[in-house]
1. By accessible area of protein heavy atoms, probe 1.4 Å, what ranking do A:I39, A:I221 get, highest first?
2. Quick one: of A:K189/B:K168; B:K9/B:K149; A:K289/B:K248, which pairs are farther than 18 Å apart, Cα to Cα?
3. Any idea of the accessible area per residue across the range A:238-324, 1.4 Å probe, to the nearest Å²?
4. To the nearest 100 Å², how much accessible surface do chains B and A hide from each other in total, with a 1.4 Å probe?
5. About its Cα centre, what dipole magnitude does the range A:27-72 give when the only charges are +1 on Lys and Arg Cβ and -1 on Asp and Glu Cβ, stated in debye to the nearest 20?
6. Treat each spin label as a single point 7 Å out from the Cα along the C-beta direction, and report the A:S126 to A:T171 distance in nm.
7. Would you be so kind as to list the residues of the range A:112-147 that have their accessible area lowered by at least 50 Å² in the full protein complex compared with their chain by itself (1.4 Å probe)?
8. By how many nm would the segment from A:S86 to A:K197 lengthen if fully extended, with 0.36 nm per residue of separation less the alpha-carbon distance?
Amino acid sequence: MSILVYVENIEGDFKKSAFEVVSYAKAIADQTGDSLTAISIGQVADENLSKLGNYGASKVLNVQNEQLKNFVNKAYGSILAEAAKSEQAKVVVLSNSFSGKGLAPRIATKLNAALADGAIELPEISGDTFKLKKSAFSSKAFATEELTTAVKVIAVNPNSYEVKETGGSATIESFTPSLNQDDFSVIVKEIVRATDKISLPEAEIVVSAGRGLKGPENWGIIEELAEVLGAATACSKPVSDADWRPHSEHVGQTGIVVSPNLYIAIGISGAIQHLAGVSSSKTIVVINKDPEAPFFKVADYGIVGDAFEVVPKLTEALKKFKNS
Amino acid sequence: MFKTLIIMKILVCISNVPDTTSKITFTDNNTAFNSNGIQYIINPYDEIALAKAVELAEGGNASVTVINVGDQSTEPTIRKALAVGADEAVRINAAPRDAWFVANQIANYVKENPVDLILTGRESIDYNGTQVTAIVAELLNLPSVSIAKKLTINNNEATIEREIEGGKEVVSTSLPVVVGTAEGVAEPKIPNMRGIMSARTKPLNVIEPIDVTVLSKITGYESPTPRGAVTLVDAGNVDELVNLLHSKAKVI
Ligand SMILES: Cc1cc2nc3c(=O)[nH]c(=O)nc-3n(C[C@H](O)[C@H](O)[C@H](O)COP(=O)(O)OP(=O)(O)OC[C@H]3O[C@@H](n4cnc5c(N)ncnc54)[C@H](O)[C@@H]3O)c2cc1C
Ligand SMILES: Nc1ncnc2c1ncn2[C@@H]1O[C@H](COP(=O)(O)O)[C@@H](O)[C@H]1O
């Protein structure tokens, strides 16, 4: 028996969330006494694949095929289910990324497996039963889910499990799945990725701003602060609704849910729907000119003041700190 | 004027969820959601799916059916969807145990009543699974796109923009397809008086559920632990904030 972990690559590279899921799967394998097999689909160089050994994979299955260069959830689902069977996997772990969300339910369905989506902790394992904590009600609560099927699928939220290096190494094997042409009816036409931008769900620091910024022309100070911190930028819903910022930056109950180490909210009132998307951030800093803004009630640190004065000063202070 | 003869059948899956301002609490020793005093609404993402379907049906060459898996208490929400412009509604008469159960009910309905396009929201704001979309597709052996930001239909072809980390991807596929809609696909529509009046007489068919194996269950809930009181820093002293973030919070 084994634990199988699917590692997603972005243009041939593994990002932090890939190492997170390998570390997470390794911790499960250690508990159940199974070996850990990683599987990669796409064009990834051997030198990158072998890195997975350092996070606990003892074997890496490499699926390289021109037709599989782009992610198609139906095709990838078939391959991962096939690999899970041939590896006799009792758990399949993957990232709850945008692609992972379209993929995990397919794998689970094919394997008659229970699916835990958005896991934020390791499972509590007793025999064949896994208990898992996940966020529910748009981060307003946690639910504990009990999985009792023979095979289980776990989609782990980005940024919720720490990467752990084991110093191990992995053997790389090529894996040739049987391809079903019916699985390729979705054709990828175009991929646009702003490579200079940090991806919001994975960012460790997020600088976010709201209607208090008054207009899109004022976002320079937000971007400068984000830049010194190496942070991703985000915004409240009215800001993206007004097209001051792209929809992909909107966080909250109806936007992206983030759980960075540091979330800095500038000129955002802290409406319940906004908080739903950010409340699992480890540290929250609020900058708002209104001392009564509800956001202060859920913040760790706050500055009552005008964003247009405070933010540039904070950026300067951080520059000084980074250079010291 | 020619009217195209192709009638596209669209199925919109709607979930009945607590209003976004709801305080979430639990009863029965934290094993059940406390629905006391909760206002229910159409899941906000499903409103987007519904608005898109109604848009596609304008001009008369598509029909829109909404489907909900729920007990009788969800009927006001279903009527709202009819008021927004759906032609008819189906309710599968069962409490929605989980995404696996819901998706099986929907897939079973579609097997008996084939459609050209199935729209869901990207996720339900109560259980946030983003599961139903892809499970329905898998059960019906159909293609799917789970988090769509744009959707256009041309003849028999769907072009969909989906969100990916740090960017977007444009894909195309022929119908039928299952699409989970997020913001950007359409603006939610508010029903007008005529819509509300006509909704009362539109068909709402109630269908009994099929049996579905239990794969998992929720055994308990927890509320997040509240944060301690905020530490306020003077606006003139940002260095202190930098210091706290570095030495106390250890995040920079
Ligand atoms: C169904 C539904 C879903 C929703 N989903 C989301 C969601 O996912 N995400 C989301 O964000 N919202 C969501 N909302 C909207 C939410 O209710 C709030 O309206 C929204 O979050 C407010 O955005 P804001 O804080 O930017 O603006 P406002 O509430 O207008 O707050 C602006 C803040 O800026 C402060 N300010 C003004 N000038 C300055 C200055 N010079 N310096 C410093 N501070 C200043 C003000 O004191 C105020 O607190 C949703 C609403 C509904 C009904
Ligand atoms: N009880 C339900 N009845 C009908 N459709 C549902 C139900 N629950 C969820 N859905 C649909 O599935 C989508 C995704 O839900 P989920 O997988 O729970 O996040 C929702 O946006 C709805 O479109």
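The values are calculated or read from the model by the stated rules, or taken from the named source; none is laboratory data. All figures in this text were calculated on a predicted structure; none of them were measured in a lab. No Cβ is skipped: glycine too gets one built from the backbone with ideal geometry, and neighbour counts run over all protein chains shown. Please note that ligands, DNA and RNA were not included when accessible areas were found on the heavy atoms of the full protein model with its side chains. Shrake-Rupley method; radii C 1.70, N 1.55, O 1.52, S 1.80 Å.
1. Values: A:I39 0, A:I221 35 Å².
Largest to smallest exposure gives the sequence A:I221, A:I39.
2. Working: A:K189/B:K168 11 Å; B:K9/B:K149 21 Å; A:K289/B:K248 24 Å.
Check vs 18 Å cut-off fails for B:K9/B:K149; A:K289/B:K248.
3. On the way: 3340 Å² over 87 residues.
In whole numbers, the range A:238-324 has 38 Å² accessible per residue.
4. Looking at B and A, the buried total is near 7100 Å².
5. Numbers: 3 positive and 5 negative charges, 16 e Å.
Charge dipole, the range A:27-72, about its Cα centre: 80 debye, nearest 20.
6. Taking the two extended label points, one gets 3.8 nm.
7. At a threshold of 50 Å² (probe 1.4 Å), the residues of the range A:112-147 that become less exposed are A:D117, A:F137, A:K140, A:F142, A:T144, A:E146.
8. Taking A:S86 through A:K197 to full extension adds about 36.1 nm, to one decimal.
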